[in-house]
1. Given the criteria in a helix (DSSP H, G or I), in the same structural domain as B:PRO259 (by TED's automatic domain parsing), surrounded by 15 or more Cβ atoms within 10 Å (Cβ to Cβ) and not charged (D, E, K, R), does B:ILE361 qualify?
2. Take the residues in the range A:13-43 that are under 24 Å from A:SER162 (Cβ atoms) and of a type in the set (S, T, N, Q); name whichever of them is farthest from the other protein chains (Cβ to nearest Cβ).
3. Taking interchain pairs and intrachain pairs at least six residues apart, which have beta carbon atoms under 9 angstrom, with the first residue in the range B:185-214 and touching a residue at least 24 places away in the same chain (Cβ under 8 Å) and more than 30 Å from B:TYR154 (Cα to Cα) and the second polar (S, T, N, Q) and surrounded by 14 or more Cβ atoms within 10 Å (Cβ to Cβ)?
4. Need a quick list: strands (runs of 3 or more DSSP E) entirely within the range A:105-163 having at least 2 residues that are among the charged types (D, E, K, R) and over 30 Å from B:SER191 (Cβ atoms).
5. So, A:ILE115, is that one touching a residue at least 60 places away in the same chain (Cβ under 8 Å), more than 14 Å from chain B (Cβ to nearest Cβ) and among the β-branched types (Val, Ile, Thr) or not?
6. Tell me, which strands (runs of 3 or more DSSP E) lie completely within the range B:272-336 with 1 or more residues that are under 29 Å from B:ARG371 (Cα atoms)?
7. Considering each of B:ASP167, B:ASP171, B:ASP124 in turn, give the residue that is of a type in the set (Asp, Glu), crowded, with 22+ Cβ neighbours inside 10 Å and at pLDDT 95 or above.
8. Consider B:GLN109 carefully, then state whether it is closer than 28 Å to B:ALA67 by Cβ and more than 14 Å from every other protein chain (Cβ to nearest Cβ).
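The values are calculated or read from the model by the stated rules, or taken from the named source; none is laboratory data. Small disclaimer: the values here were computed from a predicted structure and weren't measured. A quick note on method: Cβ atoms are made from the backbone with ideal geometry, for glycine too, and the neighbour counts reach across all protein chains shown.
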Amino acid sequence: MRHILSVLLENESGALARVVGLFAQRGYNIDSLTVAATEDPTISRLTLVTRGDDQVIEQITKQLHKLIEVVKLADLSESAHIERELMMVKVKTTAEQREEVKRCADIFRGQIIDITANTYTIQVVGTSDKLEAFIEALSGIQILETVRSGVSGISRGERTLSL
Amino acid sequence: MTSQNTQPELLSGGAMLIRALADEGVEYVYGYPGGAVLHIYDAMFQQHQVKHVLVRHEQAATHMADAYARASGKAGVVLVTSGPGATNAVTGIATAYMDSIPMVVICGQVMSHLIGDDAFQETDMLGISRPIVKHNMSVRRPEDIPYLVKKAFYIAQSGRPGPVVLDIPKDMTIPSQKFPYEYPKEIKLRSYNPNAKGHPGQIKKALTTLLAAKKPVLYAGGGVILGQASDELTLLARKLNLPVTNTLMGLGAYPASDPQFIGMLGMHGSYEANQVMHNADVIFAVGARFDDRVTNATKKFCPNATIIHIDIDPASISKTINAHIPIVGLVKPVLQEMLHQLEKNQGELDQDALGQWWQQIQQWREVHGGRYDSSASHLKPQAVIEAVHRHTKGDAYVTSDVGQHQMFAAQYYKFDKPNRWINSGGLGTMGFGLPAAMGVKLHYPDAEVVCVTGEGSIQMNIQELSTCKQYGLNVKIINLNNGYLGMVKQWQDMNYDSRYSSSYMDSLPDFVKLAEAYGHVGIRVTKAEELEPALERAFALKDKLVFLDIHVDPTEHVYPMQIPGGAMNEMFLSKTERT
């Protein structure tokens, strides 16, 4: 099962290495990982997508909790939540393809954020599934590069992960 | 010292470090100097509160500190230089980590501005030690040193204990740069709250389950010793009439001479302990972690048991074996609460069922009973341990290395007190025994300290005989010399048709002469009848380190031994018998 773990972490050097090291040492998977400081600069928020059965996820969360710099964590996928990922795709566009790429981006509510004579760079935001669907929709178009931010997530409603 | 009326004293980073150790109550630091820690060593030289023990290899410093912690319950302190000094300490840090031993390891580091430049004796000690420490930290500003020392001790000693590494770049300790010194009284971390007392509802449920049990067993591990809860454990076991088994790390947590004690469990556990576990209806696990040397095949583990598990570390609960009644908390307050509830709520034990259970246990006790072939002409290692037990009246601190001798010591030295059995259970570190004995002897000079070792293990840190001479550490070394790496040989006998690939210790030194060369007493024992007089003489020489090189039967195996891939109660009982 895919799980989205949200972790509040002391914003100290080495803290991120400890989290990543834990996954490597104990053989857990990381599908994606994003991290940045929160509105409180002493705290970073890390969102990590991983996979495993219930027992593995339980061990992962317990082991994460044991790290001294981990202040709080939640498994977002346990309850209603919103997840988003940002992707930038640079494609090669001939004159006749431009209209089709534009239309495709519109359908996915993407934005064209950079243009050259031969390329479009499109930004798409959504769930990971949506981003993958967009890549598929571009079949026939030559993709030069893609960059994905990794998943960020937040709980729905009143529930928060904060100090 | 500072008082409220005076300004805080101005001290250099190096002096602050040493003063902080003194304020933490540290008596000894074990270490080895080098370039990056010279300022610190100079600060050490200029005071007399904190004493330094110069080892001959940094690994020994870590084992000394570790063993001191195991015997006393307080964190041991190590001081090593950057680069090779720090990397030599790695095995000892990992040893402490695996057995949850509180330790503070101070490592020198190259100057801050050189970090990352591959400077002389630079190594990323934070990176190297990360997987084998409870926590590690680096000093960025000299004035943070008192706080970071306090934090290191707090983390190392609280909750599930463990080693903490403090990395100190050389420029943090420059003698001419002084800062106001104040040692924090306490530390609070928003991200770390280790003092769990256990959920009262869960505790009640555990007690109800234990009272209703027909075939219960108490399985106690190293957490009871670390948590200083032997008294509570013993009292509760007696009140509930529970058979008690201790893990390798838990030996002494419950007195071995008590009739309710059924021996160690696991790979080389007693026949009765493994049978009791397998057939139990309730397993009450206290400060133990169901590791692979206990459970044998987890799929076949104790099929009928309801499992109650007390542990301070939630990650140890349901990691390998699912716990039905988990209790996250420090062992001592949880057991106290159980005793308290037991007094209030006079639940009835099922005496009939327990009577039958004890009858069954008695039958199991008679099946193997720790027997070995004592009639053989060759001196048996088990007989040596029994003789050492007699000569020390069962009251010695016994350290061991790793291998057959370790298992013989665990099986045949009957530990009645906690903190007396000091061995590397989790990591299985050969070379641990001698420095461990030294660490204990230094702090308990009047106690009898025995290192049970083998001719393989002892050579991994034998250079420490020199340190023993320097500091008058008069331990007794029982070298069970069988000329082979005995445990490796045993496995080669059992699984590889006795092809002794590199398990023969060829070209052994003359250990008696070697001991003498270091200024100690060496005694060789090659015949059974020489053992008693040799032990007599060795233990009478109070002010000498005595190295007893005892030649034992090279063909002996450790039994019982669980059959790999089987259930707990599937065992080899001798070379020719199995369950």
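1. On the way: in a helix (DSSP H, G or I): yes; in the same structural domain as B:PRO259 (by TED's automatic domain parsing): yes; surrounded by 15 or more Cβ atoms within 10 Å (Cβ to Cβ): yes; not charged (D, E, K, R): yes.
Yes; evaluated as a whole, the condition is true for this residue.
2. Restricting to residues being under 24 Å from A:SER162 (Cβ atoms) and of a type in the set (S, T, N, Q), the top hit is A:SER32.
3. Close Cβ pairs satisfying both conditions: B:LYS204/B:GLN341; B:LEU207/B:GLN341; B:THR209/B:THR306; B:ALA213/B:THR306.
4. none
5. Criteria not met by A:ILE115.
6. B:282-286
7. Values: B:ASP171 fails: crowded, with 22+ Cβ neighbours inside 10 Å; B:ASP124 fails: crowded, with 22+ Cβ neighbours inside 10 Å.
None of the other options fit; the residue is B:ASP167.
8. On the way: closer than 28 Å to B:ALA67 by Cβ: yes; more than 14 Å from every other protein chain (Cβ to nearest Cβ): no.
Judged against the criteria, B:GLN109 is not a match.
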